[in-house]
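The block underneath contains the structure these notes are about, expressed in C-alpha cells.
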Amino acid sequence: MLLSIDELMQSLRSALGPEAVAAASDVLDAHRIDGATPRLVVTPESAQQVATILRLCADARAIVIPWGGGTALALGNPPPQAGVVIKLHKLNGVIEHDAANLTVSARCGTSLNALQVALAERKQFVPVDAPYPERATIGGIIAANLSGPRRGCYGGVRDLVIGMKVVLANGEQIKAGGKVVKNVAGYDLCKLFVGSLGTLGLITEVTLRVAPLPESMGTFIGSGDLTRLENFCEQLLRSNLLPAAIFLARDGPSKQYRIAVWCEGFHESVRRQLDDLGAMAQRSGISSANLTAEKHDELWRPLRDFPLQLKCLIYRITVPPAQVLELIKLTEGWASVAIASDMIMGTIWLACAAQESGRERFAQLSEMARERRGHAVIFTAPSALKSGINVWGESAPTLSLMQAIKNQFDPHGLLNPGRFVGNL
C-alpha cells in the first residue's frame, strides 16, 4: 500500500462519512475470508460511493474484496490478504420491472428471495436457484455464476443477464448490454463479468430475463440400485418429456441412489409427465413416488444448497452428460462421499469430509474427468484444506488471454487478487 491503513481510513471517512467505514476488531473478524482478516469494512449506499471507494483504494494500492450476502466466499483460492472489504447489501431494491418484455433491473445487493417476491406480484420469477436465496445477492450470484438445478431448462446465469452496470478498479463506472433482450450493439461484456468472482469489477446493477411462474410443479422420485436407475435415465433422456431438472443423488453412508425429476408447467402437463415417469419406473424395476407443494420444496432445497456446504470439501466435476454415470460408478467404493449430479448439464457434485484424505482425491478426480473430456475443481472447502493447492486445477489453454483481460481491467491486481483461475 502507498498509504497507511489509518490514512486510507481517514480518506474513506471524509468521502463517505464515519458510519460507513468500520475498523473495530469484532467487525473485521466477522468478515474473514479463508482465514484472512480485512483491515477495513466499508459499506456504500450508492454506485457513486462504490466508485469513490475504488478510486481511493486504487490510489492507495489497497486490495479490495467485494461482499454481497457472504454465501459464496468459500469459492476460489485464499486471498493473499483481505485489505478492504466492500459490503454491498445497502445497494438493494428493484429499479424497473418490465413485465411485458420479461425483464427486470435490480441493484446488486438485492437478495434473490426479495427479488422473487417482487416479481411474483406479476406472476413472474427469475429462473435462478442459487444456494441460500434468503442471503445470496443478485450481484454475488452473477459474480460466482451460481445457477442452480433448473439450469438445463432455463439456461445459466450467463444466459439470463442482458445488461449491467459495473465499477472498475480505478473507480470508472461503465455500462454493458441493455434493458431489452434483443440487444446486439458491440461486444457482450456482460458475459465477461459473469463468473469472474469480482476480479474485473464490482457489479452495481443488473438487468435479467424473467419467466412466467409455472401454474403447477411436482417431483418424481425414483430409488434403487445404479443399474436400474441407469436404465430409467436412458428411457427418460430418449423420451419427449422436458423436465425442469433431473438430479441423481446418493447420501454419504448409503449405497442407495435416488433420482429426482422436477416437472413444471400447466396442471395437465405436470400430471401427464408424472404418470409417464411412473410407467418408466415400473419398466425399470425401481420404486417411485410423486411429491407436490411443500414436499417438493423440501427435496430440492438441500440439492440447491449442496455446492455451498461450508463444513464439507465439495468437488465439482463437469463432463459430457453421457459420461456422468460412468464416472459416478468409479466412486462407488468411496466411503462417506455424498453425490448430487445434474444429469442434463453433466455436473457432478461430490461432498467429502473436510479432511486431508478428502483433498488427496483431487488428483484422481482431475484425471478421471480429463479422460472424459471434462474438468474437476475444488468448489468449496475450509481454508486449511486450500493451503498449497490450486483449487481450480489445471489451467485452461486460454489463461494467457484471461491474464491480458485482467491486466486491462485491473492493472494493479487489486480486485479479489489470486482467487480466480490461474491466481488471477
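The values are calculated or read from the model by the stated rules, or taken from the named source; none is laboratory data. On a predicted model such as this, the values are computed, not experimentally measured, just so you know. Virtual Cβ from ideal backbone geometry, glycine too; neighbours counted across all protein chains shown. Side chains are part of the model used for accessible areas, which takes the heavy atoms of the whole protein and leaves out ligands, DNA and RNA. Shrake-Rupley method; radii C 1.70, N 1.55, O 1.52, S 1.80 Å.
Of the residues making up segment 162-171, those that are surrounded by fewer than 23 Cβ atoms within 10 Å (Cβ to Cβ) and outside any loop (DSSP other than H, G, I, E, B) are I162, G163, K165. In the set (1) open to solvent by 10 Å² or more (accessible area, probe 1.4 Å); (2) farther than 21 Å from I246 by Cβ; (3) part of a loop (DSSP other than H, G, I, E, B), E367 fails one condition alone, (3). Of everything in segment 102-125 that is under 21 Å from A144 (Cβ atoms) and out of contact with any strand residue (DSSP E or B) (no Cβ under 8 Å at 6 or more places or on another chain), the residue that is surrounded by the most Cβ atoms within 10 Å (Cβ to Cβ) is A114.
With respect to (1) touching a Phe, Trp or Tyr at 6+ places or on another chain (Cβ under 7 Å); (2) modelled with pLDDT of 95 or more, the lone exception for E96 is condition (1).
Candidates G178, G156: the one that is free of Cβ contacts under 8 Å to residues at least 12 places away in the same chain and touching a Ser or Thr at 6+ places or on another chain (Cβ under 8 Å) is G156. With respect to the conditions (1) part of a loop (DSSP other than H, G, I, E, B); (2) modelled with pLDDT of 95 or more, V85 lacks only one, and its number is (1). Considered as a group, the residues in segment 95-148 that are assigned to a loop (DSSP other than H, G, I, E, B) and among the polar types (S, T, N, Q) include one that is nearest to V206 (Cα to Cα), and that residue is T110.
Screening segment 32-45 for residues that are open to solvent by 30 Å² or more (accessible area, probe 1.4 Å) and within 24 Å of the chain's Cα centre (by Cα) and picking the one that is nearest to S383 (Cα to Cα) gives D34. Among the strands (runs of 3 or more DSSP E) confined to segment 172-251, there are none with at least 3 residues that are farther than 24 Å from Q116 by Cα and touching a Pro at 6+ places or on another chain (Cβ under 8 Å). Pull up segment 24-51, narrow it to residues that are among the small types (G, A, S) and in a loop (DSSP other than H, G, I, E, B), then point me to the one that is farthest from L146 (Cα to Cα). Going through the qualifying residues, I end up with A24. Can you tell me which residue is modelled with the highest pLDDT among those in segment 376-413 that are under 30 Å from S341 (Cβ atoms) and hydroxyl-bearing (S, T, Y)? Once the filter is applied, the top-ranked residue is T380.
Taken over segment 373-403, the criterion of being touching an Asp or Glu at 6+ places or on another chain (Cβ under 8 Å) and open to solvent by less than 40 Å² (accessible area, probe 1.4 Å) is satisfied by L385, K386. For segment 52-66, indicate whether the set of residues that are among the small types (G, A, S), assigned to a loop (DSSP other than H, G, I, E, B) and either open to solvent by 10 Å² or more (accessible area, probe 1.4 Å) or in contact (Cβ under 8 Å) with a residue 24 or more places away in the chain (or both) is non-empty. The answer is yes; a qualifying residue exists.
The set of residues in segment 404-424 that are of a type outside the set (F, W, Y), surrounded by 15 or more Cβ atoms within 10 Å (Cβ to Cβ) and assigned to a helix (DSSP H, G or I) comprises I405, K406, V421, G422, N423.
So that you can scan it fast, the table gives a plain yes or no per residue for (1) closer than 30 Å to E234 by Cβ; (2) in contact (Cβ under 8 Å) with a residue 24 or more places away in the chain; (3) in contact with a strand residue (DSSP E or B) (Cβ under 9 Å, 6 or more places away or on another chain):
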position: I314; (1), (2), (3): yes, yes, yes
position: G346; (1), (2), (3): yes, yes, yes
position: F379; (1), (2), (3): yes, yes, yes
position: A396; (1), (2), (3): no, yes, yes
position: L399; (1), (2), (3): no, no, no
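Does segment 342-363 contain at least one residue that is assigned to a loop (DSSP other than H, G, I, E, B), under 17 Å from the mean Cα position of the chain (by Cα), at pLDDT 95 or above and surrounded by 14 or more Cβ atoms within 10 Å (Cβ to Cβ)? Within segment 342-363, one or more residues are assigned to a loop (DSSP other than H, G, I, E, B), under 17 Å from the mean Cα position of the chain (by Cα), at pLDDT 95 or above and surrounded by 14 or more Cβ atoms within 10 Å (Cβ to Cβ).
Any residue in segment 289-311 that is open to solvent by less than 50 Å² (accessible area, probe 1.4 Å), touching a helix residue (DSSP H, G or I) at 6+ places or on another chain (Cβ under 7 Å), within 21 Å of G76 (Cβ to Cβ) and not in a loop (DSSP other than H, G, I, E, B)? No, there is no match, as no residue in segment 289-311 is open to solvent by less than 50 Å² (accessible area, probe 1.4 Å), touching a helix residue (DSSP H, G or I) at 6+ places or on another chain (Cβ under 7 Å), within 21 Å of G76 (Cβ to Cβ) and not in a loop (DSSP other than H, G, I, E, B). Considering every residue within segment 265-273, establish whether at least one is within 30 Å of G139 (Cα to Cα) and in contact with a Ser or Thr (Cβ under 8 Å, 6 or more places away or on another chain). Yes - at least one qualifying residue is present in segment 265-273. Listed conditions (1) at pLDDT 95 or above; (2) touching a Lys or Arg at 6+ places or on another chain (Cβ under 9 Å) are all met by V337, apart from (1).
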